[in-house]
Amino acid sequence: MTHITALCRKSLVYIALAACLLPATAHAAPLNQIRQAGWEAMCARDDQPMNFCAAFAGPARISYGPGLEQTLSDTNDQVNARYSFRSDNRAYGASDHWSVPTGATADCEDYVLAKIQQLQGSGVSVSAMVIMVGPLRNGRWHAVLGIKTDAGMVVLDSMTPGVTSAKAIGLTTQYTMAMNDSGHWRAAR
């Protein structure tokens, strides 16, 4: 075997290893864009109470004040109280299934969708919302809803009452999708 052939084989092994280490739902895409299989399947099903898959027009950042904080906190607490956690594997027999909950159980991304829907009904601009996904301190992957405000990003989490931040809940954001650019998942910077 020539030195060049050995180098090529070694390079292919490293490329294959790197591909295996990517999260199961992340696929190569141009310009740091990521494909999220669960999100894409939800969009293809077209069975949700609102069209999460369309890009929302409006401000990409909203003014943070006592009124918005109260609306966000109330929504987070109401949605969190409405459902109990159940993994997609147990609920749907699938590793990743995005859906607004229709029963009494949900997993983290289902909580996010329910909060987007309720906040839209309360008049909060969906275009300022961001779905944030990444590992928690314990290594388990989690999704939360971020809202871009003039005071910075605030977070609504299914495991935390009120309004918080990604740092406070120990989330290392790996991927985001802004609702004003729906369907375009990006690697976090």
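Considering only residues in the stretch 66-90 that are touching a strand residue (DSSP E or B) at 6+ places or on another chain (Cβ under 6 Å) and farther than 18 Å from Gly123 by Cβ, the one that is surrounded by the fewest Cβ atoms within 10 Å (Cβ to Cβ) turns out to be Ser84.
For the stretch 75-88, state whether one or more residues are at pLDDT 95 or above, touching a helix residue (DSSP H, G or I) at 6+ places or on another chain (Cβ under 6 Å) and under 23 Å from Gln36 (Cβ atoms). Yes, the stretch 75-88 contains a residue that is at pLDDT 95 or above, touching a helix residue (DSSP H, G or I) at 6+ places or on another chain (Cβ under 6 Å) and under 23 Å from Gln36 (Cβ atoms). All conditions but one from (1) within 15 Å of the chain's Cα centre (by Cα); (2) surrounded by fewer than 16 Cβ atoms within 10 Å (Cβ to Cβ) apply to Ser99; the one that does not is (2). Here is the figure for the stretch 124-156: residues that are small (Gly, Ala, Ser) and either at pLDDT below 95 or under 18 Å from Asn51 (Cβ atoms) (or both) total 3. Taking every residue in the stretch 48-64 that is under 11 Å from Asp150 (Cβ atoms) and basic (Lys, Arg) and pairing it with any residue that is at pLDDT 95 or above and in a loop (DSSP other than H, G, I, E, B), at least 6 positions away or on another chain, the pairs with Cβ-Cβ distances below 7 Å are Arg61/Asp150. The set of residues in the stretch 135-180 being in contact with a His (Cβ under 7 Å, 6 or more places away or on another chain) and crowded, with 18+ Cβ neighbours inside 10 Å consists of Leu171, Met177. Taking the criterion of being of a type in the set (A, V, I, L, M), more than 13 Å from the chain's Cα centre (by Cα) and over 13 Å from Val112 (Cα atoms), the residues of the stretch 142-185 that qualify are Ala151, Met153, Val154, Val163, Ala168, Ile169.
Scanning the stretch 55-79 for residues that are of a type in the set (Ser, Thr, Tyr) and under 12 Å from Ala128 (Cα atoms) yields a count of 2.
Among what's in the stretch 114-125 and is more than 20 Å from Ala188 (Cβ to Cβ) and touching a residue at least 60 places away in the same chain (Cβ under 8 Å), pick the residue that is surrounded by the fewest Cβ atoms within 10 Å (Cβ to Cβ). The residue in question is Gln120. Of the set (1) in a strand (DSSP E or B); (2) over 20 Å from Pro66 (Cβ atoms); (3) without any contact (Cβ under 8 Å) to a residue 24 or more places away in the chain, all apply to Ala143 but (3). What pairs come up if the first residue lies in the stretch 76-90 and is of a type in the set (Lys, Arg), the second is surrounded by 15 or more Cβ atoms within 10 Å (Cβ to Cβ), and their beta carbons are under 8 Å apart, counting only those six or more places apart or on different chains? Taking only residues 6 or more apart or on different chains, the pairs are Arg82/Pro101; Arg82/Ala114; Arg86/Ala106; Arg86/Asp107.
The values are calculated or read from the model by the stated rules, or taken from the named source; none is laboratory data. Nothing here was measured: the structure is a model prediction, and the numbers come from that model. As a convention, Cβ positions derive from the backbone with ideal geometry for all residues, glycine included, and neighbour counts pool all protein chains shown.
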